[in-house]
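Some notes on the structure that comes next.
Every read-out reported here was derived from the displayed coordinates using simple, explicitly stated rules and does not represent laboratory data. Keep in mind it's a predicted model, so treat the numbers as computed, not measured. Here the Cβ is made from the backbone with ideal geometry for all residues, glycine too, and neighbour counts use every protein chain on show.
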Amino acid sequence: MIDIEFVRSRFIKHFDGKTGNVYTSPGRINLIGEHTDYNGGFVFPGAVDKGITAEMRINGTEDTVMAYAIDLKDRVDFKLNDPAGPKASWARYIYGIAKEMQKLGVPVKGFNIAFAGDVPLGAGMSSSAAMESCFACGLNDLFGDNKVSQWDMVLAGQATEHNYCGVKCGIMDQFASVFGKAGCLMRLDCRSREFEYFPFKPDGYRLVLLDSVVKHQLAGSPYNDRRNSCENVVKHIQAKHPEGKFETLRDCTWEQLDEVRAEVGEEDYKRAKFVLGEKDRVLAVCDALNEGDYEKVGELMYQTHEGLSKDYEVSCEELDFLNDIAKANEVTGSRIMGGGFGGCTINLVRNDLYKKFIADAKEKFNAKYGHEPKVYDVVIGDGSRRLC
Ligand code: GLA
């Protein structure tokens, strides 16, 4: 986690010398359940020990926000009442969440903010959700007497992505960032929003992320296009079955999907097929975890990778290569994590194979792409909170 004093020193230096309150929110991993959240399915994320830390203070103005992105050394001031908002993409997260918190009845006025992060950008660990939940937590505390519920903060973060950043994301990332609990993964049903904490201590195994360092840019990217494909399939199934209520692919069966195969076309069919399979896999992983059967968990992770790569088509050459290296090293499970189009693989690896696997992945990846993948050992941490 980012050192509080580091953030504080910049906050003091770039504004009026006064201190504020400090808040932090984590990035996330996801064991399994990818691209299922906006399809009403299940996800299995956990918060990590890396995230965004922000110092924030009410500045007494009606609507002026003075913001400093410490890592980028970039200062942007903007007005909350300006309908266009700031141009800098990082500042749009602050503007967007402030607007969404206002919609929830929080009387947000002018404030100063400086923030820094140690969750790698573009690695698929959701640095953007970490920002949204960190800022939401701060605004709720500074202006809202902490009256906004955790779920409403999750939804405000998601709405920020939709309304100000151009990504039609689901709720997994913001959920994990807000609700995370050290040592626990969480199984969330994205349709009912019911969830359970799952203590995760895989005896004899560990989770490690390999970051291809290929950057994905979800905004305006094929991410929204994947979502459209899923919604298109649902629309066709609904038209065929006017008696039923089909809101997302969660409500659809394999038979119904097959019925519309010809009309939706092979691309949308394959995407929906992946989603239906992934929904079942999350439940199968839960059963396997309850039985302590990590080899089964790993097998399902490989199936997810295969589906994300061949059917959902959100992988890339580098991630497939990392997946192949995992297989060759007899790693228990490995797959793309997060939205795809770059970022990390998540690997469930036996302790005794760990060293050899990491060394081999570094060597082979470097030989092919001219740089090593970054290695992050997963530590499952707590969700959004005020630090001081
Ligand atoms: C991104 C989105 C999430 C989710 C994942 C894929 O991280 O923000 O809502 O859809 O991709 O599982």
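Does anyone have the angle between helix 351-369 and the longest principal axis of the chain? Alpha-carbon axes, 0 to 90°, nearest 10?
With both axes taken from Cα atoms, the answer is about 80 degrees.
What nm distance separates the two modelled labels at Asp352 and Lys368, each placed 7 Å from Cα along Cα→Cβ?
The answer from the label model is 2.8 nm.
Gain in length, Glu62 to Asp145, computed as 0.36 nm per residue apart minus the alpha-carbon separation, to one decimal in nm?
Between Glu62 and Asp145, full extension yields an extra 28.0 nm.
Counting Lys and Arg as +1 and Asp and Glu as -1, what is the net charge of the other residues whose Cβ lies under 9 Å from the Cβ of Ala47?
0
Within a Cβ distance under 9 Å of Cys169, other residues only, what is the Lys/Arg minus Asp/Glu net charge?
Net charge in that neighbourhood comes out at -1.
What does the convex hull of the alpha-carbon atoms of the chain project to on average, in nm²?
With the hull built on Cα positions only, its mean projection is 19.5 nm².
Which residues does the label zone of Val375 cover in region 334-368, counting backbone N under 11 Å from a point 7 Å along Cα→Cβ?
In region 334-368, the label zone of Val375 (backbone N under 11 Å from the point 7 Å along Cα→Cβ) covers 354-363.
In deg cm²/dmol, rounded to 500, what helix-only [θ] at 222 nm does the chain give when every DSSP H run of at least 4 residues adds -39500 (n - 2.57) and the total is split over its residues?
-13500 deg cm²/dmol
If you fit an axis through the alpha-carbon atoms of helix 89-103 and take the longest principal axis of the Cα set of the chain, what angle between them do you get, 0 to 90°, nearest 10?
80 degrees
What whole-number volume per residue, in cubic angstrom, does the convex hull of the C-alpha atoms of region 205-377 give?
Taking the convex hull of the Cα positions in region 205-377, it is 120 Å³ per residue.
With labels modelled as points extended 7 Å from the Cα through the Cβ direction, what inter-label distance (nm, one decimal) is found for Glu259 paired with Glu317?
4.3 nm
Scan region 17-123 for trypsin sites (Lys or Arg not before Pro) in coil per DSSP, keeping those whose Cβ has at most 13 other Cβ atoms within 10 Å, and list them by number.
Lys18, Lys73, Lys87
Determine which lysines satisfy two conditions relative to Lys103: a Cα distance under 26 Å, and not lying fewer than 8 residues away in the same chain.
Counting by Cα, and skipping residues close in sequence, Lys103 has these lysines nearby: Lys79, Lys87, Lys147, Lys168.
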